[in-house]
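The values are calculated or read from the model by the stated rules, or taken from the named source; none is laboratory data. Owing to the predicted nature of the structure, the values given are computational and were not obtained by experimental measurement. Glycine also receives a Cβ, built like all others from the backbone with ideal geometry; neighbour counts cover every protein chain displayed.
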Amino acid sequence: MAVVAVGLCVAVPLTQAQLGPGLALSLNGSNQCISFPSETYFDGDFTIEAWVYARSFNSDSRVLDFARNNGSHNVALVLSSGTTGQPALIVSRSGSASTLTAPAALPLNQWVHLAATLSGSTGSIYINGQLVAPSSSMQSPQHGARSLNFVGRMSQGASGYANAIFDEVRIWHVARSPAEIQGAMYQRVNGTDANLVAYWRLDDGGSANTMDATPNSLNGTLINNPVWLLSEVPFVPDAITTGATAPA
């Protein structure tokens with residue numbers, strides 16, 4: 001029987017029947033993260049999505065940071081630029097980096113849907129489905145496998161750890177439209193949806209791994225025992241769709 005924290009502070013045992021839907025993963029901001037296998041996650045246009053619950057803003061903490069084996073050519077969705085709490089999108093290649101930073105900080109201690117897209121040279125950041133930062137000067141990611149891949153920390157060096165809870169992390173091989181982001185953010189999507197590269201529902205309570213819901217089997221390994229929590233993301237219950245609407 002696994003022990004999962006309920007709310008954000010009280011731990012209770014859950015039966016196996018209760019494990020699965022409705023969980024999220026809490027990282028301590030010190031040494032916990034998720035590691036993912038080598039793969040070509042990014043090749044041209046893309047979308048990164050996640051539900052995040054930030055408790056504080058560690059310097060340059062990450063939602064996701066995937067890089068080549070030399071720590072370069074990375075794609076990163078930043079939870080906090082410095083300690084400002086402003087999310088950012090970073091694409092680096094050949095020693096140069098392009099960065100798009102949102103103009104305002106994320107709220108602390110509440111669930112927020114964060115998404116970033118790249119379409120050609122146009123990067124965009126969305127908070128709760130609303131465009132907050134467009135750009136026309138981003139570079140595209142370099143083609144090829146990336147092997148330093150983390151949720152919750154930087155790919156280069158042991159830093160950038162996120163003091164946050166994460167749920168529903170998705171990577172797409174296409175720049176999702178605002179309508180597509182808004183339409184699916186409150187519900188699960190099908191793991192076999194077109195252009196879905198990786199999809200970590202983070203519903204694997206009691207496990208040291210998190211399973212990829214797509215056929216690509218890009219399963220993650222939990223580092224230093226992050227805590228499984230009952231998720232409070234405002235999902236529409238028991239629904240899987242690509243055309244969801246916000247709960248009333």
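So here's what we get for this one:
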| quantity | calculated |
| --- | --- |
| Qualifying residue in the range 91-102 (condition: in contact with a Cys (Cβ under 6 Å, 6 or more places away or on another chain) and among the basic types (Lys, Arg)) | no |
| Failed condition for Asp193, given (1) without any contact (Cβ under 8 Å) to a residue 60 or more places away in the chain; (2) more than 27 Å from Gly120 (Cβ to Cβ) | (2) |
| From Gly157, Gly191, residue being under 22 Å from Asn31 (Cα atoms) and assigned to a loop (DSSP other than H, G, I, E, B) | Gly157 |
| Whichever residue in the range 149-173 is more than 29 Å from Asn190 (Cβ to Cβ) and of a type in the set (A, V, I, L, M, F, W, C) and, among such residues, is modelled with the highest pLDDT | Met154 |
| Spans of strands (runs of 3 or more DSSP E) in the range 71-131 with at least 2 residues modelled with pLDDT under 95 | 88-93, 96-101 |
